[in-house]
Amino acid sequence: MSSTPLTDALSPVTQALLAAARAAGADAADAIAIEGRSVSIDVRKGGLEQAERAEGLDIGLRVFIGQRQACISSSDTRPETLQAMASRAVAMAREAPEDPYAGLADPDQLADLRSADGLELFDPSPEPDPAALEEDARRAEAAALAVKGVTQVQSASAAYGQQAVWMAASNGFEGGYARSSRHMSCVAISGEGTGMERDWCGEGRIFQADLPSAEYVGNLAAERTIARAGARRPKTGTYPVLYDERIASSLIGHLLGAINGSAISRGSSWLRDAMGTPVLPDGISLHEDPLRIRRSGSRPFDAEGLASRKKALVQDGVLQSWVLDLASARKLGLDSTANAVRGTSAPPSPSTSNVILTQGTKTHAELIADMGTGLLVTSLIGSTINPNTGDYSRGASGFWVENGKIAYPVNECTIAGNLRDMLRRIIPANDAQDHLSSVVPSLLVEGMMLAGE
């Protein structure tokens, strides 16, 4: 079994938890240990605004007494604490209601790969020191302030983090992996008083070498901000709406939420009866691929030890699969899709990782030209989504388009529709960002209701 220096220290902790659970009377158990550290630096007006460093180890234990389960977590790994955790968890499980769908994976369901070898989820280069992060943030701020029209920078930040995860269970599973992350962001402001407008740019990568320059981040934040100067409310009516690539993944996120096994098994999804029917336009597919190299959402196995695999959620417009962990799959009489995630204090639940939507053939600019008159949305604020009907309403800001060209920036408006109808009408651009966990291009939706002036 492959391990790293970051995960080596976690295996004994999880094994000690399992031993304590057995000694306390548990029929079965699984344990998870997550150790991480991070440092973030914020600058403002050329000076250090805030510096934060966090380090911690969290452990979690889930025990089973028959079909009853209980979870408990701690950050203390002393032997007496582990024994107390196990005793308390077993006592809780004895009082818990029976759950016919709870339980560990069968041994023959478990992943063969127990590490992240080949996925490149951890950058082995030295951790950047705080001075280097501060310099990156200063450079991003300086680049934004150098753009004419920017009156101030609200914040410029640089951060680094690393995390190690190790899991073990009484069914024989044991494995883990490490991750690293590197981020930069900048929020710029134009105008003054009630005429202020702001926008931002944020970039994150696993490997330092893949991260764009601080100047790129600052410049893009500034350019986006000054483009918003003089924003006003748009017209009320029914218009096409183009979701910019930055926020288009939120629309697909509503689809993923509606096919989540937890919602389906409760019967509380607007797609609960949609399996095998069209949910996207013909020719448009949505895949999940948790095994993409150097992607932050990648994982070799799920939180129940099942092997991750690429799968079609929607193929040629037609819904193919729910997103399932073991419990939701058992409730629905299906097999898990290896989509379990968990923290240290609760049982697993289903969730997706890397998703990829079919791209279109037209550019972002060509879709704007095709719109005629409508709204380009670059920011969404709040939401009202009815999970049972798919009725959709969100605050939005962006740019008004007339005769296929951007006319002026807009704010303080609401867009509304029904997700089932909206998703069937999407027209994708070809501008998806391949490095992201959600590779979703800009999406044009015809016939949206718009409430403005």
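The values are calculated or read from the model by the stated rules, or taken from the named source; none is laboratory data. From a predicted model like this one, the values you see are computed outputs, not experimental measurements. Neighbour counts are summed over all protein chains in view; Cβ atoms, including those assigned to glycine, are modelled from backbone coordinates with ideal geometry. SASA here: full protein model, heavy atoms, side chains in, ligands and nucleic acids out. Shrake-Rupley method; radii C 1.70, N 1.55, O 1.52, S 1.80 Å.
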Checklist entry - Quick check: anything in segment 379-390 modelled with pLDDT of 95 or more, of a type outside the set (S, T, N, Q) and over 19 Å from Met275 (Cα atoms)? => result no
Item to check | Matching residues, segment 63-87, being surrounded by 16 or more Cβ atoms within 10 Å (Cβ to Cβ) and either of a type in the set (Ser, Thr, Tyr) or free of Cβ contacts under 8 Å to residues at least 24 places away in the same chain (or both) | outcome: Ser73, Ser74, Thr77, Ala84, Ser87
Checklist outcome for this item: In segment 139-149, anything of a type outside the set (Asp, Glu) and open to solvent by less than 20 Å² (accessible area, probe 1.4 Å) is listed as Ala140, Ala143, Ala144
Checklist entry - Any residue at all in segment 398-415 that is surrounded by 15 or more Cβ atoms within 10 Å (Cβ to Cβ), assigned to a helix (DSSP H, G or I), of a type in the set (A, V, I, L, M) and modelled with pLDDT of 95 or more? => result no
Next on the checklist: Could you list, ordered by first residue, the pairs with Cβ atoms under 6 Å in which the first is in segment 105-130 and within 26 Å of Asp27 (Cβ to Cβ) and the second is modelled with pLDDT of 95 or more and exposed (fewer than 15 other Cβ atoms within 10 Å of the Cβ), at least 6 apart or interchain?
Outcome noted: Pro107/Gly172
Next on the checklist: Looking at the structure I just gave you, is Ser353 assigned to a loop (DSSP other than H, G, I, E, B), modelled with pLDDT under 95, of a type in the set (Ser, Thr, Tyr) and farther than 22 Å from Leu104 by Cβ?
Outcome noted: no
Item to check | Tally, over segment 350-381, of residues that are open to solvent by 50 Å² or more (accessible area, probe 1.4 Å) and of a type in the set (Gly, Ala, Ser) | outcome: 2
Checklist entry - Which pairs do you get when a residue that is within 15 Å of Leu256 (Cβ to Cβ) and touching a residue at least 12 places away in the same chain (Cβ under 8 Å), found in segment 346-362, comes within reach of a residue that is among the aromatic types (Phe, Trp, Tyr) and assigned to a loop (DSSP other than H, G, I, E, B), reach meaning Cβ atoms under 9 angstrom, with the pair 6+ apart or on two chains? => result Pro350/Trp322
Checklist entry - Can you find even one residue in segment 218-234 that is touching an Asp or Glu at 6+ places or on another chain (Cβ under 6 Å), in a helix (DSSP H, G or I) and either open to solvent by 30 Å² or more (accessible area, probe 1.4 Å) or under 30 Å from Val165 (Cβ atoms) (or both)? => result yes
Checklist entry - Of all residues in segment 17-56, which are open to solvent by 40 Å² or more (accessible area, probe 1.4 Å) and aliphatic (A, V, I, L, M)? => result Ala19, Ala23, Leu48, Ala51, Ala54
Checklist entry - In segment 218-266, which residues are of a type in the set (Ser, Thr, Tyr) and closer than 30 Å to Ala146 by Cα? => result Thr225, Tyr243
Item to check | Residues within segment 331-349 that are charged (D, E, K, R) and surrounded by 19 or more Cβ atoms within 10 Å (Cβ to Cβ), tallied | outcome: 1
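Table: residues versus (1) farther than 22 Å from Ala303 by Cβ; (2) open to solvent by 50 Å² or more (accessible area, probe 1.4 Å); (3) free of Cβ contacts under 8 Å to residues at least 40 places away in the same chain; (4) part of a loop (DSSP other than H, G, I, E, B).
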| residue | (1), (2), (3), (4) |
| --- | --- |
| Val165 | no, no, no, no |
| Ala168 | no, no, no, no |
| Cys186 | yes, no, no, no |
| Thr194 | yes, yes, yes, no |
| Cys201 | yes, no, yes, no |
Checklist entry - When residues of segment 251-304 are filtered for being over 17 Å from Gln315 (Cα atoms), in contact with a Leu (Cβ under 8 Å, 6 or more places away or on another chain) and open to solvent by less than 10 Å² (accessible area, probe 1.4 Å), how many remain? => result 5
Next on the checklist: Of all residues being open to solvent by less than 50 Å² (accessible area, probe 1.4 Å) and in a helix (DSSP H, G or I) in segment 92-137, which is nearest to Glu304 (Cα to Cα)? Just the residue, please.
Outcome noted: Ala93
Checklist outcome for this item: Condition set among the aliphatic types (A, V, I, L, M) and under 22 Å from the mean Cα position of the chain (by Cα), scope segment 312-326, selection surrounded by the most Cβ atoms within 10 Å (Cβ to Cβ): answer is Leu326
